[in-house]
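Notes follow once the structure below has been shown.
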Amino acid sequence: MSETLIEAPVSQYDPFDPEVLAAVHHHDGLLREVAPVVYIEKYDFYAITRAEDIQKALRNFRVFSSADRPFYEPNPFRPNAPLMQDPPEHTQTKSVMLRIFSQENMDKMESYFTEHAERLVDELLANGSVELDAYKDLAARYVLKVFPDILGLPEEGRELLLKFGDAVFNVLGPHNDHHFQKMEAGQPALEWVGANVKREKQSEGGIGWQLYQAADEGIITPTEAEQLLTAVFGAGFDTTVFSIAGMLRAFADNPKEWAKLRENPDLVESAFEEAVRYFAPSRYGGRVAKRETELGGVRIPEGAKILVMWLGAGRDPRKWESPDEFRIDRPSASGHLSFGFGIHTCAGQAVARMEGRSILRALVKRVASIELTGEPRHAINFQAFGHDYIPVRMTPDPA
Ligand code: HEM
């Protein structure tokens with residue numbers, strides 16, 4: 001290791017302080033401007049804060065390992081596969097995940113997602129201009145319809161998937177009152193998920209069934225199949241609901257961007273990417289340094305626990321011009337890190353994109369304007385960022 005390396009600046013920042021959780025973009029942004037790597041003394045971990053350094057670290061997955069992370073303790077809401085695996089185990093489980101979300105499977109889902117997005121928007125606008133909560137009445141309602149249908153889940157109990165996600169994204173943080181309250185509130189969801197990931201509950205040909213098939217083929221173990229399905233349930237709902245809700249909030253705040261999209265609907269894809277950059281639903285991920293290493297000239301000791309700060313990196317001014325502006329025609333929006341980076345990049349991003357784009361295409365055809373009718377609110381959550389109340393008026397196109 002070179003002699004010229006500097007020690008990481010020591011910070012008293014508490015990423016889990018209630019004041020921080022109320023304004024994460026501001027506070028994680030301040031941390032990013034301190035240094036590319038900062039030592040968070042209170043919890044004894046290192047934060048990697050800037051986009052380029054995150055990419056550099058995660059390319060080096062042998063050193064920046066997923067096998068451990070700050071605050072890690074076995075927890076029923078967070079299975080180890082695939083997020084806590086390194087190669088070669090991770091290579092196997094990830095190949096199975098990518099197989100179930102292959103282009104062929106996604107093509108089969110597309111017409112279903114589109115049809116239901118159009119049906120929902122038609123229903124909401126049936127009587128003309130409508131006031132609604134874009135989180136509950138649109139984002140959550142849509143996601144809880146289409147993806148559980150594809151997974152073959154029963155109607156009853158689906159709303160628990162959001163409670164499950166809420167617990168999942170409050171595991172990785174200090175074990176304080178907030179954490180324990182979320183774990184307790186998630187218990188009924190944990191039971192529902194536990195029952196619905198069992199082999200006998202999977203319908204033939206469905207996503208869960210395909211995961212157990214991979215176990216029968218010996219590619220993964222039956223325990224890993226169950227863990228992967230639990231991971232899909234845990235990672236696949238709050239995140240996508242937050243991405244759609246955040247996108248609608250961003251359009252309500254930026255009517256010119258909505259007008260731009262109406263004029264040029266081909267911008268739907270880049271608009272969704274910009275929305276997940278601007279309001280990144282996942283705030284951070286966790287790693288451990290397998291040996292002493294460096295990043296941006298800063299020494300990271302062997303065994304250091306690390307948080308990789310996606311949300312702050314999404315607003316890194318070194319990467320994006322005017323990062324605090326929502327611009328749907330931003331040429332580089334798809335270079336965001338909101339779906340992660342490297343070997344652990346989001347396994348369900350094709351599903352998330354399909355949901356986000358389908359609902360946006362249905363809206364852009366029919367809705368002339370989206371205006372806030374009250375103060376939106378975002379959830380208080382360690383690891384996820386998202387709005388859980390967005391009162392809006394949607395006015396349909398008279399044509
Ligand atoms: C907008 C929605 C979503 C966002 C922002 C998001 C974000 C992320 C991020 C940042 C990671 C990387 C974590 C890390 O490296 O530490 C990740 C991984 C993962 N995501 Fe997503 N996700 C979304 C939707 C989904 C959906 C719909 C599913 C399932 C259908 C899913 C399943 C997974 C899984 C299984 C992993 C672990 C992949 C691995 O370890 O190789 N995600 N996601």
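The values are calculated or read from the model by the stated rules, or taken from the named source; none is laboratory data. Only a predicted model underlies this, so the values are computations on that prediction, with no experimental measurement involved. Reconstructed Cβ throughout: ideal geometry from the backbone, glycine too, with neighbour counts over all protein chains shown. The accessibility values were calculated without ligands, DNA or RNA, using every heavy atom of the protein model including side chains. Shrake-Rupley method; radii C 1.70, N 1.55, O 1.52, S 1.80 Å.
Across the stretch 108-135, what is the total count of residues that are exposed (fewer than 15 other Cβ atoms within 10 Å of the Cβ) and away from the ligand (no atom under 16 Å from the Cβ)?
Residues meeting the conditions: 10.
Exactly one of (1) open to solvent by less than 50 Å² (accessible area, probe 1.4 Å); (2) more than 17 Å from residue 236 (Cβ to Cβ); (3) in contact (Cβ under 8 Å) with a residue 24 or more places away in the chain is unmet by residue 319. Its number?
That leaves (1) as the condition not met.
With the structure loaded, tell me whether residue 59 is within 16 Å of the ligand (Cβ to nearest atom), surrounded by fewer than 14 Cβ atoms within 10 Å (Cβ to Cβ) and at pLDDT 95 or above or whether it fails that test.
It is true that residue 59 is within 16 Å of the ligand (Cβ to nearest atom), surrounded by fewer than 14 Cβ atoms within 10 Å (Cβ to Cβ) and at pLDDT 95 or above.
Within the stretch 189-270, which helices (runs of 4 or more DSSP H) (wholly inside it) include 2 or more residues that are in contact (Cβ under 8 Å) with a residue 12 or more places away in the chain and among the charged types (D, E, K, R)?
222-235, 238-253, 255-263
Take the stretch 24-58 and flag every residue that is farther than 12 Å from residue 316 by Cβ and acidic (Asp, Glu).
The answer is 41, 44.
So, restricting to strands (runs of 3 or more DSSP E) that lie completely within the stretch 273-390, which ones have at least 2 residues that are away from the ligand (no atom under 14 Å from the Cβ)?
293-295, 298-300, 367-372, 387-389
Going through the stretch 93-106 one residue at a time, which ones are surrounded by 15 or more Cβ atoms within 10 Å (Cβ to Cβ), within 11 Å of the ligand (Cβ to nearest atom) and either more than 13 Å from residue 354 (Cβ to Cβ) or charged (D, E, K, R) (or both)?
93, 94, 96, 97, 100
Quick check on the stretch 192-249: of everything there that is of a type in the set (Ser, Thr, Tyr) and more than 15 Å from the ligand (Cβ to nearest atom), which residue is modelled with the lowest pLDDT?
The qualifying residue modelled with the lowest pLDDT is 203.
List the number of the failed condition for residue 157; all other conditions in (1) surrounded by 15 or more Cβ atoms within 10 Å (Cβ to Cβ); (2) more than 16 Å from the ligand (Cβ to nearest atom); (3) free of Cβ contacts under 8 Å to residues at least 24 places away in the same chain hold.
With (1) surrounded by 15 or more Cβ atoms within 10 Å (Cβ to Cβ); (2) more than 16 Å from the ligand (Cβ to nearest atom); (3) free of Cβ contacts under 8 Å to residues at least 24 places away in the same chain applied to residue 157, the lone miss is (3).
Has the stretch 19-31 got any residue that is of a type outside the set (Val, Ile, Thr), assigned to a helix (DSSP H, G or I), in contact with a Pro (Cβ under 8 Å, 6 or more places away or on another chain) and free of Cβ contacts under 8 Å to residues at least 40 places away in the same chain?
Checking the stretch 19-31: at least one residue is of a type outside the set (Val, Ile, Thr), assigned to a helix (DSSP H, G or I), in contact with a Pro (Cβ under 8 Å, 6 or more places away or on another chain) and free of Cβ contacts under 8 Å to residues at least 40 places away in the same chain.
Quick one: in the stretch 371-399, of everything that is of a type in the set (Val, Ile, Thr) and open to solvent by less than 10 Å² (accessible area, probe 1.4 Å), which residue is farthest from the chain's Cα centre (by Cα)?
Step by step, filter the stretch 371-399, then rank; the result is 392.
Can you tell me which residue within the stretch 253-272, out of those that are within 16 Å of the ligand (Cβ to nearest atom) and either touching a strand residue (DSSP E or B) at 6+ places or on another chain (Cβ under 8 Å) or open to solvent by 10 Å² or more (accessible area, probe 1.4 Å) (or both), is nearest to residue 46 (Cα to Cα)?
270
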